[in-house]
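The values are calculated or read from the model by the stated rules, or taken from the named source; none is laboratory data. Keep in mind the model is a prediction, meaning the values are calculated, not measured. Backbone-built Cβ (ideal geometry, glycine too); neighbour counts: all protein chains shown. To get the accessible areas, we keep the full protein, side chains included, count just its heavy atoms, and leave off ligands, DNA and RNA. Shrake-Rupley method; radii C 1.70, N 1.55, O 1.52, S 1.80 Å.
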Amino acid sequence: MNWNSMASKLGFSMKWFIVFIITLSAITATIPQEMTAAGKSTTIDAAKIKKISRVALKLKDEKKTAYTLYIYAANETKSVLKEDYPWTHSKKGDITYSGTYRAALLKEGAKQAVVQSVPLNLASITLPQDWLYTIPARERGQPDLFILSEWGTSNWDLFQAMAVIDGKLQRLKFTNSDGTSLGYDWGASGGKKGMRSLSDMRLQTKQYDNSVGAYLFDTFKLNVAKRQLKRVEHRYLRSPDWPNSVTDKLPVTKLMAAAKAGKLPGDSARVGMTLNALVAAKGQPDKQSNGEWGAYYEYDEKVFVGFDDYLHILNKKSSVVELMFDVEAITGHLYDFNRLIELLGKPNRIVENEEDETTTYYYKAGKYAIGFICYGWDAVVTRGTVFYPHEELFSSK
């Protein structure tokens with residue numbers, strides 16, 4: 001290269017051109033290697049990444065190729081916590097590192113780690129740390145999951161799920177069963193204890209929901225090709241223990257089958273029977289009351305049998321016109337409307353009543369109908385009803 005010619009073209013004297021070259025070289029040397037090749041895969045020597053990384057985790061991709069995932073920051077600084085931070089499990093005196101953290105993958109046996117483009121949105125790491133961890137795969141074609149979590153609320157932590165797919169660390173998007181996006185973050189109680197790997201490439205999480213007073217269990221199925229975790233099941237349970245049954249669909253299936261016969265599962269009351277037949281089958285009620293349209297007999301605080309007459313005119317031939325029930329008591333599960341739609345399909349009609357602040361999803365059940373009722377701001381359905389539908393309930397008008 002003709003340096004005199006180059007200097008002339010840039011309008012420099014040879015002296016100042018040499019100063020310019022030396023200065024440029026010094027500046028370039030201080031730039032981390034991954035910044036010198038924009039738009040291209042960049043690398044860091046294996047020995048160097050091991051030295052500068054703050055976290056190292058073992059991961060396998062969908063082909064079971066082994067990698068080490070390194071988390072590092074080129075601009076890292078160090079400080080010491082001056083007080084306890086219980087919500088992040090940190091104590092006074094713990095060392096905190098801060099910076100713009102990135103990920104680099106070192107393939108087993110390789111001499112260079114490849115810097116990843118996936119954003120971590122991670123600005124600090126306090127040691128000892130339990131916010132970054134892995135969920136091992138259980139079967140062929142399934143990659144290990146890298147979980148990057150942070151404090152969310154007193155009930156759950158917020159986390160992102162990532163995996164090495166096609167040799168790159170990639171974020172996984174959470175979606176509903178219909179494919180609509182839930183974003184890249186989800187919640188789980190208790191960190192790693194709040195999630196588990198299941199068969200068929202599924203990930204199950206749990207988090208406590210104050211509004212319901214129960215634990216929400218979500219099950220996602222990994223689609224490697226789409227880089228998605230699709231929600232295939234969610235249910236509420238009072239207990240924090242992991243559920244043993246495969247699905248909560250069976251109780252609703254039994255409920256719908258019984259509703260088509262005008263009944264409830266495991267109960268002898270039936271729409272259309274007389275008061276005399278009801279008492280013969282179930283005995284005297286625990287309580288009696290009048291509703292807006294007729295009398296009710298209450299049994300075990302879970303079944304409320306409605307009649308076509310009020311209490312003062314009830315007789316042995318009075319007919320049962322409705323079976324109102326406690327959904328959780330009858331099915332053993334808590335359901336929200338989204339889950340009911342996943343299990344039963346779109347309702348035949350939705351009715352919102354502003355006066356009593358209820359929303360009811362109605363489904364046809366043969367010659368009968370079944371409704372699921374949510375009160376106010378409740379997250380779950382609390383009451384249900386089986387009855388003879390009025391003709392206009394399912395009319396197109």
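Some values worked out for this structure:
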| quantity | calculated |
| --- | --- |
| Percent of alpha-carbon pairs separated by more than 17 Å within segment 334-397 | 38 |
| Listed residues 346, 92, 193, most fluctuating in the chain (Gaussian network, C-alpha, under 10 Å) | 92 |
| Listed peptides 335-342, 309-316 by packing density, highest first (mean Cβ within 10 Å) | 335-342, 309-316 |
| Candidate aspartates and glutamates for bridging to residue 78, where Cα separation is under 16 Å - those fewer than 8 sequence places away on the same chain excluded | 94 |
| Whichever aspartates and glutamates have a C-alpha closer than 15 Å to that of residue 192, once near sequence neighbours (fewer than 8 apart) are set aside | 130, 144, 150, 157, 218, 241 |
| Unsatisfied cross-links (Cα-Cα over 27 Å) in the set 287/317; 263/317; 58/206; 60/226; 230/263; 50/173 | 230/263; 50/173 |
| In sequence order, calculated HN-Hα J values of segment 325-333 (Karplus, 6.51, -1.76, 1.60; Hz; x Gly/Pro) | 8, 7, 4, 5, 5, 7, 9, x, 9 |
| Cα long-axis angle, helix 14-30 against the chain (0 to 90 degrees, to the nearest 10) | 40 |
| Entry for Kirkwood radius over Cα pairs in Å (calculated from the structure that is shown) out of [x] 21.8; [y] 26.0; [z] 23.5 | [y] |
| Whether segment 102-203 is rounded, prolate or oblate, judged on the alpha carbon gyration tensor where a/c under 1.5 counts as rounded | oblate |
| Label point at residue 110 placed 7 Å out along Cα→Cβ; residues across segment 58-85 whose backbone nitrogen lies under 13 Å | 59-61, 65-70 |
| Fully extended contour minus Cα-Cα distance, from residue 165 to residue 346, at 0.36 nm per residue | 61.6 nm |
| GNM top mover of 98, 211, 197 - the chain, alpha-carbon springs below 10 Å | 211 |
| Probe 1.4 Å, accessible area per residue of the chain, Å² | 55 |
| Sulfur and carbon atoms: percent of accessible area, the chain [1.4 Å] | 51 |
